[in-house]
Amino acid sequence: MARSVLIIEDDVRIRRVVQMTLHREGLEVAEAASGEAGLRLLADRSFDVVLLDLMLPGMDGFEVCREIRRMSNTPVIMVTARADSHDVVAGLEAGADDYITKPFVAKELSARIRALSRRTRGSEPRPRISIGEVEIAPQDGTVTRAGVPVQLTKTEFKLLGELAAERGRVFSREELLERVWGYDYFGDSRLVDVHVRRLRKKIEADPADPMVVLTVRGMGYRLPE
C-alpha cells in the first residue's frame, strides 16, 4: 500500500483536511502550496502518490503534471472542480493516472489512493511478449520498441500488461477499469480511453493506425494474437 503522499494544493484549508484524513489512514503526508514548491519536493525525495490540484497560482496543475512525468512515473491523482469538464481529459492527457472532483469526501479520497496503490504493485511473473517491434517484459516491468526502451507510467504498463495477458481477447472498458484501476463503482471510461491514446503515442509506429492496441468498435480493446 501507499505510504507517502504529496499534496500540491494552494488552499490551506483543503490541505489541512486532506492531511488529517490521510494521517488517520497511517500515511505520511507532505504539503506544497504551489506547483514550483511541489516539484522541488519531488526532486529531493520520492513519494508513492501525488495529489495535484489543477487550479494553482503561477505554474498550473497541467504544467506541473507534465513536469512530473518528465521526472518520474509517480502516480498522480488530479483534483478538479467539475467531473464533466474538459479539464478531466486535459489532465489525463498531461499524464495523470486518475482524478477526483471537489468537493470530495474523505472516504472516497482514501479509496482512490488505495486503489491506485493496488494497481501499481507488481503482479505474478508473466513471460515476455512480442508484437511486431514491441516487446513487453512483465517480470522486469519494461517495454521496448525496436530495441529502444519506452517510458511508461505504472498505470500505462498495467493497462498494457492486462491486455497482453490474454492476447486476442476483447476487454470492455468496464473490465479494464476493474482490472487496471481497481474499482468499478466510481469508474469513468474516459480513464481507459485517454490512457489508451497515451499508450499508443508511446508504442505505436503510427498512433493514428495502431497495430498493437486495437479498438473493437462498440466493445473495447484488444491486442493481436
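Assorted remarks:
- Among Gly38, Gly147, Gly61: highest mean-square fluctuation, GNM of the chain, C-alpha pairs under 10 Å: Gly147
- Counting lysine pairs in the chain whose alpha carbons fall under 27 angstrom apart, excluding pairs fewer than 8 residues apart on the same chain, gives 7.
- Share of Cα-Cα pairs in the chain lying beyond 27 Å, as whole percent: 32 percent
- Dimensions (Å) - the range 127-225, Cα atoms, principal axes, largest first: 39, 27, 21
- Over the chain: helical MRE at 222 nm, DSSP H runs n ≥ 4 each giving -39500 (n - 2.57), nearest 500: -12000 deg cm²/dmol
- Gyration tensor verdict on the range 55-121 (Cα atoms; rounded if a/c is under 1.5, prolate if a/b is larger than b/c, oblate otherwise): oblate
- Computed over all pairs of different Cα atoms, the Kirkwood value for the hydrodynamic radius of the range 136-185 is 11.8 Å.
- Over the range 62-184, the hull volume per residue, using the convex hull of the C-alpha atoms, is 123 Å³.
- The alpha-carbon atoms of the range 1-72, seen along their principal axes, cover 31, 25, 16 angstrom, with the largest extent given first.
A short reminder: the numbers here are calculations on the coordinates, not readings from a lab. As the structure is a computational prediction, the values presented were derived from the model and not from experiment.
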